[in-house]
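Input: a single structure, listed below in structure tokens.
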Amino acid sequence: MLDQITIDRIIDAANIVDVVSEYVTLRRAGANYKGLCPFHDDKTPSFHVSPAKGICKCFACGEGGNAVHFIMKMEQLTYVEALKFLGKKYGIEIEEKEITPEQRQQLNEREAMFNINEWASQYYHKLLKENPDGIAIGMAYFRSRGFRDDIIEKFRLGFSLDSFDALSKAAAQAGYNTDYLLKTGLCYQKDNGQITDRYRNRVMFPWFNVSGKVVAFGGRVLDSRTKGVSQKYINSPETDIYSKGRELYGIYQAKKQIAKDDRVYMVEGYTDVISMHQCGIENVVANSGTALTEPQIRLLHRYTNNITLLYDGDEAGIHAALRGTDMLLAEGMNVKILLLPDGDDPDSFARKHNATEFREYVEQHQTDFIIFKTNLLLKDAGRDPLKRAQLTQSIVYSISVIPDEILRSAYVHECAELLHQDEALLLREITKNKQAALEQLHKQQTIEQERQQRLAQNAEKAEENTEVKDTSESPITPISPSDPEVTQQGSIPPISPVVTQQSPPSPTASRYHGLERMIMTLVVRYGEQPINAEDADGNTISIPLIRYVYDDLTADGISLQTPLYRQMLSDSVAHIDDAQFTASRYFMNNADIAVSQEAVNLMTERYQLSKNQKMASEQELMPEYIAHLLLDYKFLVIDEELKACQAQMNDPLLCTDAMKQYIELSQIQRELAKRLGDRILIK
């Protein structure tokens, strides 16, 4: 495991803008930056990055964190793996504490898969350049496609030998575990237990994810053997580090140019991407002949809103152009279609033209997708009324998924003229489609809410079985500068031990969580700052906010009900006297990922002040504000306990004790109400 000093060094070195910019196109917004959120379907920039605080936050979906949290989500890494990732990026030497073999295996499994894929890509690449068969067969094939050496290096193209075990033997000699050859799909195991290489006598195309890690491979059989071969390409199977529906071939090499040009070209195959790069068009990716998925579209949407689909001009190309386009429109992408001249695909067309000629052709011949689809289906439908009705329904559906109302209206007007239909009729059909989509969404949300409620109920039952901790009374009595009555009378009478044994409802089903969140927000932001309090002799002293909160609660036998907040408060008290302790740094850099993630959430929440309210910083209001919050919290605890007592009064066996306890608690509540000054008790 990594020690806290190393964790702090890595987080301090990681520039949040630099890290996020590798994945999201950011634009400056005052002192901060913003861009499209990579974690949800973001139509307008909701993802904010604060270089001063070193954190990012989406104010639409709520995802965010520091640089480590961001890398964890983007790369699907564990906390330790993400720290190592950033440590390597910033040249920080990492020394780990001794961990058990089981822990090491769990932490390193994904990293081992990435490592063996990286090794395999270098192995195949070296064979292509140095092995006699690689040069004579593999390199000859790439030369026949016109690929230059720099392009071969850029995409790290390779060659696999005509052998059933060449790769597995080489991996064993290099010290790699056979299990990872199987887990990455580089090899497979036959029924007799024999380990066999998946790729044999093929040219190799490694897949790089958006951060440049090798996640998969594609192997192409050579031209002389393609006749009668059912599988021209063999691709990696789904693994823990590779999902075909989430990756795009060429995204790593293309992402910067996509952002720069604010457009991406989508093609079908590996060689289409490579040939276009060679002719000077670098903002191109391939989906390898499969229908686009939402994760792939969202990946592209981080860099641009504009996509041009480049396909062959034959029937197969037209069919490919129609696949997944409604999904692109629904994700807010501006979709253009370009069918290349008969006999050409992006590969062959790119080899015949330079970058300037290619771009000019695209600009002159690309067509807006809705218009393209309308003209195409009109030609197919002819005068057949049934086909024309089906055509209208198909066009209307495509328009209805477009999120931008103005753009949707423009398409309705254009298509009404092309289809010779009443514009009002098309609008009515679009409204029906949108209503049906909303109903379906509502149904899905209801199902998800029911599932969440069941989970919450299970959590509540588990919480009810957890006894609230009873801690010793502190010799220090916190005081509020704005509450003279507290100074004169001392602390609240300690709550009866009977009360503390009663567990309040789960935070998910009560008001506890809201108040605790407000308290912990101040603890995380200002925990090390001094607050006035009284010691056992009645002298005014200054103590850190964290100790102020902790002592004030424990003096009355109360602990926070949210387990995470209870842990955060008690752990931080033990470190409050550490040299150069800063609450925000302690919590956000915490080795416990749940603590650090929640700290970021508390650091980034937005607050709004009334227009008529005098502006005052949270810091200036803090002494009286935190005192009032703690009294509010105690009032709530008593209120919940009074309700429990009332319920027990209906039981003849518990009635006497419950009545006695009710009287004691009522007295405490009246004293709290006086101190709060804004409570009216009705008896």
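Which members of the stretch 357-381 meet the condition of being touching a residue at least 40 places away in the same chain (Cβ under 8 Å) and either within 38 Å of the chain's Cα centre (by Cα) or under 20 Å from Ser275 (Cβ atoms) (or both)?
Once the filter is applied, which keeps residues that are touching a residue at least 40 places away in the same chain (Cβ under 8 Å) and either within 38 Å of the chain's Cα centre (by Cα) or under 20 Å from Ser275 (Cβ atoms) (or both), the stretch 357-381 yields Phe358, Arg359, Val362, Gln366, Phe369, Ile370, Ile371, Phe372, Lys373, Thr374.
Find the residue count for the stretch 175-193, including only residues that are open to solvent by 60 Å² or more (accessible area, probe 1.4 Å) and either among the acidic types (Asp, Glu) or without any contact (Cβ under 8 Å) to a residue 12 or more places away in the chain (or both).
Of the residues in that region, 7 qualify.
Filter the stretch 153-170 for residues that are within 34 Å of the chain's Cα centre (by Cα) and surrounded by 20 or more Cβ atoms within 10 Å (Cβ to Cβ); which is farthest from Met276 (Cα to Cα)?
Checking each candidate, the answer is Gly158.
Identify the residue in the stretch 213-239 that is in a loop (DSSP other than H, G, I, E, B) and modelled with pLDDT under 85 and, among all such residues, is most open to solvent (accessible area, probe 1.4 Å).
Lys227
Go through (1) at pLDDT 85 or above; (2) over 12 Å from the mean Cα position of the chain (by Cα); (3) in a helix (DSSP H, G or I); (4) of a type outside the set (Ser, Thr, Tyr) for Lys34 and report which single condition fails.
So Lys34 meets the others, but not (3).
If a residue has to be surrounded by fewer than 16 Cβ atoms within 10 Å (Cβ to Cβ), in contact with a helix residue (DSSP H, G or I) (Cβ under 7 Å, 6 or more places away or on another chain) and either β-branched (Val, Ile, Thr) or at pLDDT 80 or above (or both) to count, how many in the stretch 376-393 make the cut?
Going through the stretch 376-393 one residue at a time, the tally reaches 0.
Does Thr25 satisfy being in a loop (DSSP other than H, G, I, E, B) and touching a Phe, Trp or Tyr at 6+ places or on another chain (Cβ under 7 Å)?
Judged against the criteria, Thr25 is a match.
Name the residue that is modelled with the lowest pLDDT, counting only residues in the stretch 294-317 that are open to solvent by 40 Å² or more (accessible area, probe 1.4 Å) and not acidic (Asp, Glu).
Applying the filter and picking the extreme gives Ala316.
For the stretch 95-135, which residues satisfy the criterion of being open to solvent by less than 80 Å² (accessible area, probe 1.4 Å), outside any helix (DSSP H, G or I) and modelled with pLDDT under 65?
Scanning the stretch 95-135 gives Glu96, Ile99, Thr100.
Pairs, please: C-beta under 7 Å, at least 6 apart or cross-chain, first residue hydroxyl-bearing (Ser, Thr, Tyr) and in the stretch 518-536, second in a helix (DSSP H, G or I) and open to solvent by less than 40 Å² (accessible area, probe 1.4 Å)?
Cβ pairs passing all conditions: Thr521/Leu602; Tyr526/Leu545; Tyr526/Ala583; Tyr526/Met622.
Tell me, which helices (runs of 4 or more DSSP H) lie completely within the stretch 546-658 with 1 or more residues that are basic (Lys, Arg) and either modelled with pLDDT of 75 or more or out of contact with any Leu (no Cβ under 6 Å at 6 or more places or on another chain) (or both)?
Of the helices (runs of 4 or more DSSP H) lying wholly inside the stretch 546-658, those with at least 1 residues that are basic (Lys, Arg) and either modelled with pLDDT of 75 or more or out of contact with any Leu (no Cβ under 6 Å at 6 or more places or on another chain) (or both) span 563-573, 583-588, 618-648.
Restricting the stretch 330-356 to residues that are within 16 Å of Ser275 (Cα to Cα) and aliphatic (A, V, I, L, M), which is surrounded by the most Cβ atoms within 10 Å (Cβ to Cβ)?
Per the criteria, the residue is Ala350.
Please return the ranges of helices (runs of 4 or more DSSP H) entirely within the stretch 364-447 where 3 or more residues are of a type in the set (Gly, Ala, Ser).
It comes to 385-400, 405-419.
The values are calculated or read from the model by the stated rules, or taken from the named source; none is laboratory data. Quick caveat: nothing in here was measured; it's all calculated off a predicted structure. Cβ: placed from backbone, ideal geometry, glycine included. Neighbour counts: every protein chain shown. Just the protein is used for accessible areas: all its heavy atoms, side chains included, with ligands, DNA and RNA removed. Shrake-Rupley method; radii C 1.70, N 1.55, O 1.52, S 1.80 Å.
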